[in-house]
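What follows draws every value from the coordinates through simple rules; no lab data is involved. Just so you know, these numbers come straight off a predicted model, no measurement behind them. All Cβ positions, even for glycine, are placed from backbone atoms using ideal geometry, and neighbour counts span all protein chains on display.
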Amino acid sequence: MEEGSRTTLFLSSSRKNLVVQFLLKHRINGVLTRGAVMEAADEYSISKKTVYRLWNKAKQLMQRGEPAIMEGKVKGYHHSDKLTIDESKSTLGQWIKEDKLRPHTNAIKLALTDANKLARLKWCLSKIQPTINAGRVQFESIDNVVHIDEKWFYMTKSSDRYYLLPDEAEPYRACKSKRFITKVMFMCAVSRPVFGLDGQTKFDGKLGIFPFTELAAAKRKSKNRPKGTLETKPIPSVNKSVMRDCIINRIVPAIKAKWPEWASKEIYIQQDNVTPHINGVDVEFEAVAKSDGF
């Protein structure tokens, strides 16, 4: 018998129903939201296969008009009374299915000023092609635009899940403080992919992801390495100088190396308006960007 089947068999009724109730809270129009199965598996320490099996059983019951109540089948143990649970959550899901309620996910909006709205409108209008085709205006393909943005990543998490062999030792992880886990910023550069008439990818648009790190010599010796050993450390403050170095020495060379020969060499780098970003008339940037035919 598979591990997933064995786990489902020996789950108690109450635990099975807790899993099903958890899944019912994480569905929209009868479909589970992304990541709900993994969250349920982590929450109740069971396998994903077990979660899927419980969810399929619950759907079969609801399709027959029966409440999604799971019954345990633990060998040698029997409840004389049936388990009673609060069906309000199941009722809520049923009302959504019957269009009596409409689920809505509300995201916070940007508080744009009139000047912000005008700037966005001007940018959109600048991308309209000057010619009219069949009475309709068309936007530029923006194939020659490279989008860059930053993202923080933590080096580790305070709690993580591992799958070990029976005789494998548990990994030892240590950190001076769980509240101050080292994090590294990365710069990502992408462009619009290009596909041929047959659907084949001619250019995937992936230009690279670059960490903001530096090599620093160890100030003291330890049991792991001698003094002076070069170690990779995250750059603590990403300012305009660091940003300029990343664009000039990493992003621009990556664009030149991966840009298709048949594509336009007039390329625009699109960035947001955070303070460390350089502007389009930066002297050092222009000297590097306007070379090699670009």
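Sticking with the crude label model, points 7 Å out along Cα→Cβ, report the distance from Ser12 to Tyr44 in nm, one decimal please. That separation, rounded to one decimal, is 1.3 nm. In order along segment 145-156, the phi-based Karplus estimate (6.51 cos²θ - 1.76 cosθ + 1.60, θ = phi - 60°) of 3J(HN,Hα) comes to 10, 10, 9, 10, 7, 9, 8, 8, 10, 7, 5, 7 Hz; Gly and Pro are listed as x. Around the Cα centre of the chain, unit charges on the Cβ atoms of Lys, Arg, Asp and Glu (plus for the first two, minus for the last two) sum to a dipole of about 840 debye.
Give the order of Ile181, Ile132 when sorted by the count of other beta carbons within 10 angstrom, beginning with the fewest.
Working: Ile181 13, Ile132 10.
Listed from fewest to most nearby Cβ atoms, that is Ile132, Ile181.
Under 5 Å between amide hydrogens, built in the peptide plane, is the criterion, and for Thr213 it picks out Ile235 among residues at least 5 positions away or on other chains.
Of the residues Asn279, Asn239, Asn17, the one that moves most in a GNM of the chain with alpha-carbon contacts below 10 Å is Asn17. Couplings 3J(HN,Hα) of segment 256-264, computed from phi: 5, 6, 9, 5, x, 5, 7, 8, 5 Hz, in residue order, whole Hz [Karplus 6.51 cos²θ - 1.76 cosθ + 1.60, θ = phi - 60°; x for Gly and Pro].
Give, rounded to the nearest 20 debye, the magnitude of the charge dipole that segment 156-257 has about its Cα centre when Lys and Arg contribute +1 at Cβ and Asp and Glu contribute -1 at Cβ.
Charge dipole, segment 156-257, about its Cα centre: 740 debye, nearest 20.
Simple rule: put +1 on each Lys or Arg Cβ and -1 on each Asp or Glu Cβ in the chain, find the dipole, and look at Leu164, Trp152, Pro253; the Cα lying farthest toward the positive end is Leu164. Here the contact order of the chain, divided by its residue count and restricted to Cα pairs under 8 Å and six or more residues apart, works out to 13 percent. Averaging 1/r across all pairs of distinct Cα atoms in the chain and inverting the result yields a Kirkwood radius of 25.8 Å.
Only one residue of Leu207, Pro130, Ala58 has its Cα farthest out toward the positive end of the dipole of the chain, where Lys and Arg carry +1 and Asp and Glu -1 on Cβ, and that residue is Ala58.
Over the chain, DSSP H runs of length four or greater, each weighted -39,500 (n - 2.57), average out per residue to a 222 nm ellipticity of -9000 deg cm²/dmol.
Across segment 205-272, what fraction of all alpha-carbon pairs, as a whole percent, falls in each successive 10 Å bin from zero upward? For segment 205-272, the binned pair fractions read 16, 35, 25, 16, 7, 1 percent.
Here the simple spin-label model places points 7 Å from the Cα toward Cβ, and for Glu231 and Ile96 these points are separated by 4.8 nm. Checking every one of the GluC sites (Glu not before Pro) in segment 221-294 against DSSP loop status and a limit of 16 other Cβ atoms within 10 Å picks out Glu261, Glu266. Got a sec? Which residues in segment 252-294 would a label at Asn116 touch, if it sits 7 Å along Cα→Cβ and we count backbone N under 16 Å? Residues 272-275 fall inside that zone. Between the alpha-carbon centers of segment 165-209 and segment 5-65, tell me the distance in whole angstrom. Computed from Cα coordinates, the inter-centre distance equals 30 Å. 3J(HN,Hα) along segment 197-212: 5, 8, x, 6, 6, 8, 7, 7, x, 8, 9, x, 10, 10, x, 8 Hz, from the Karplus curve 6.51 cos²θ - 1.76 cosθ + 1.60 with θ = phi - 60°, whole Hz, x for Gly and Pro.
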